[in-house]
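Visitor: This is the structure I have questions about; it appears just below.
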Amino acid sequence: MYSFTPSSHPAYPAYVKRDVIERNGAIYIDMSVRCGASKKVCDDLVRSFQELNKKIMQSNGRFISRNEY
């Protein structure tokens, strides 16, 4: 699933791609990010998605998050 920042977002232009993958009975969230803003703003965007992933993992103990930047 792709999430794109709107032009009004500080991280614009950016997108976050998350794939939910099942392997050996565990569900993984693979995340990759492309961001054209400053490092600080891009890091904030990544942290916000990491928090979303964490909430998903906490709601279902089978999730494991993997991130690629």
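Visitor: Only residues of the stretch 1-29 count here: report those whose backbone N is under 13 Å from the spot 7 Å along Cα→Cβ of Ser48, or say none.
Guide: Inside the label zone: 3-16.
Visitor: Another one. Quick one: if you stick a label point 7 Å off each Cα along the C-beta vector at Lys55 and Ile21, how many nm between them?
Guide: Using points 7 Å along Cα→Cβ, the separation is 2.5 nm.
Visitor: If you line up the Cα atoms of the chain on their principal axes, what length do they span on each, largest first, in Å?
Guide: Computed over the chain, the largest-to-smallest principal extents equal 39, 18, 17 Å.
Visitor: Between Ile29, Ile56, Ile21, where does the largest GNM mean-square fluctuation fall for the chain, given springs only between Cα atoms within less than 10 Å?
Guide: Comparing Ile29, Ile56, Ile21 in a Gaussian network model of the chain, the most mobile one is Ile21.
Visitor: If you roll a 1.4 Å probe over the heavy atoms of the protein chains, what accessible area per residue do you get for the chain, in Å²?
Guide: Per-residue value: 68 Å².
Visitor: Quick check: the angle from helix 39-59's long axis to the longest principal axis of the chain, C-alpha only, nearest 10 degrees?
Guide: Around 20 degrees separate the two axes.
Visitor: If you take every DSSP beta bridge whose two residues both sit in the chain, what share of them, in percent to the nearest 5, is antiparallel?
Guide: 70
Visitor: To continue, here is another question. Can you work out the FRET efficiency for the pair Lys39 and Ser8, with r the C-beta to C-beta distance and R0 = 25 Å, to the nearest 0.05?
Guide: Computed FRET efficiency for Lys39 and Ser8: 0.80.
The values are calculated or read from the model by the stated rules, or taken from the named source; none is laboratory data. No experiment lies behind these values; they were computed from the predicted model shown. Neighbour counts are summed over all protein chains in view; Cβ atoms, including those assigned to glycine, are modelled from backbone coordinates with ideal geometry. Accessible surface areas use protein heavy atoms only, side chains included; no ligands, DNA or RNA. Shrake-Rupley method; radii C 1.70, N 1.55, O 1.52, S 1.80 Å.
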